[in-house]
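See structure below.
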Amino acid sequence: MGDLVPSEAATLLRQARRVVIFTGAGISAESGVPTFRDALTGLWERFDAAALATPEAFQDDPALVWGWYEWRRGLAQRVRPNAGHEAVAAIEARVPGSVVVTQNVDDLHERAGSPAPLHLHGSLFTPRCSACAHPAPLPDGPADEPADGRRATPPGCARCSAPVRPGVVWFGEALPEAVFESAVEAASSCDLLLTVGTSGLVYPAAEIPQVAARFGAAVIQVNPQETPLDPVADVNLRGPAARVLPALVEAAWH
Ligand code: BV8
Ligand code: ZN
């Protein structure tokens, strides 16, 4: 326990009054959701995730991109939150006023008990029309996509019959303003920010831990690897989220 969670980190969490927990793909890795660093598989193995997650890719080949998001929605529905997600919900329960800010488009934080995570990059569960933005119903039932994925023609909008698109933020698209502002507000007024499972390379999301540090909060990073956030963090906990976060909660409050 001691080496995984130095007492300094436990003390910072125990003394915190307003905590922001900033997460990326790494917190869902141990649930079986590939990170953006992991190579794509099946139908998409020859593609780079950042290239597929663009309006241009959807324009060029809507069935390929819609198929990819349906495959990811199916996977997210089949897997379960892990001990990392559960520890985040435990911190929120312990420290009222805490806020989860996630780059993830899965719903594992919610299923672990986090009441209202701020999804900076949208969600796999809120499709809308690519033309008039009219919210579209989720295709009924779990997305039972073949393991290797398949091309899937996006449904048509009920209002203008244009193709429906996933409710995520693609590269080159602006983040939902109100959500991003709430995240910046939370980061600028917290006394501890935990950054978990993110490479800190995608902007403007990666500014959130830096805002917290700039406003005097302590920063703890949980990541098995080094990232550009290392110098921003007061404590770097090198290990997998599903092991480190429960140990941190245990060390802080038991
Ligand atoms: C915009 C939704 C402008 C879709 C996503 C400034 C500098 C440079 C570039 C830019 C800049 N500002 C803007 C840009 C361009 C771009 C950008 O940042 N490019 C990067 C690549 C350089 N940003 C944008 O395009 C943004 N939009 O700027 O719009 C604008 C403004 C106004 C008006 C119009 C336009 C939009 C960015 C959002 C894109 N959408 N997701 C989808 O999911 O399909 S981003 C997506 O990738 C994720 O949401 C996430 O944000 C990112 C992946 O990062 P991570 O989550 O950190 O995951 P990653 O795989 O990288 O790393 C995993 C980490 O976990 C690793 O460190 C690993 O060590 C660790 N790990 C692994 N296992 C574990 C673990 N940790 C703990 N436990 C484990 N078990
Ligand atoms: Zn429409």
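The values are calculated or read from the model by the stated rules, or taken from the named source; none is laboratory data. Keep in mind that what you see is a predicted model, and the values were worked out from it rather than measured. Here the Cβ is made from the backbone with ideal geometry for all residues, glycine too, and neighbour counts use every protein chain on show. Areas reflect the complete protein model, heavy atoms only, side chains present, ligands, DNA and RNA absent. Shrake-Rupley method; radii C 1.70, N 1.55, O 1.52, S 1.80 Å.
Numerical summary
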| item | result |
| --- | --- |
| Residue check for A51: assigned to a helix (DSSP H, G or I) and more than 28 Å from A187 (Cα to Cα) | yes |
| Condition met for F125 (in contact with a Lys or Arg (Cβ under 8 Å, 6 or more places away or on another chain) and not aliphatic (A, V, I, L, M)) | yes |
| Some residue of segment 126-134 being more than 16 Å from ligand 2 (Cβ to nearest atom), within 29 Å of A241 (Cα to Cα) and open to solvent by 40 Å² or more (accessible area, probe 1.4 Å) | no |
| Test: residue in segment 71-85 that is in contact with an Asp or Glu (Cβ under 6 Å, 6 or more places away or on another chain) and assigned to a loop (DSSP other than H, G, I, E, B) | yes |
| Total residues in segment 142-166, condition over 20 Å from P34 (Cβ atoms) and small (G, A, S) | 4 |
| Segment 89-107: number of residues that are within 11 Å of ligand 1 (Cβ to nearest atom) and either at pLDDT below 95 or in a loop (DSSP other than H, G, I, E, B) (or both) | 4 |
| Answer from V20, V33 - the residue that is assigned to a strand (DSSP E or B) and either buried (at least 16 other Cβ atoms within 10 Å of the Cβ) or within 16 Å of ligand 2 (Cβ to nearest atom) (or both) | V20 |
| The lone exception for W66 - which of (1) touching a residue at least 12 places away in the same chain (Cβ under 8 Å); (2) in a loop (DSSP other than H, G, I, E, B) it fails | (2) |
| Some residue of segment 128-150 being in contact (Cβ under 8 Å) with a residue 40 or more places away in the chain, within 21 Å of F171 (Cα to Cα) and not hydroxyl-bearing (S, T, Y) | no |
| Looking only at segment 64-78, and only at residues there that are of a type outside the set (F, W, Y) and open to solvent by 20 Å² or more (accessible area, probe 1.4 Å), the one that is nearest to V168 (Cα to Cα) | R72 |
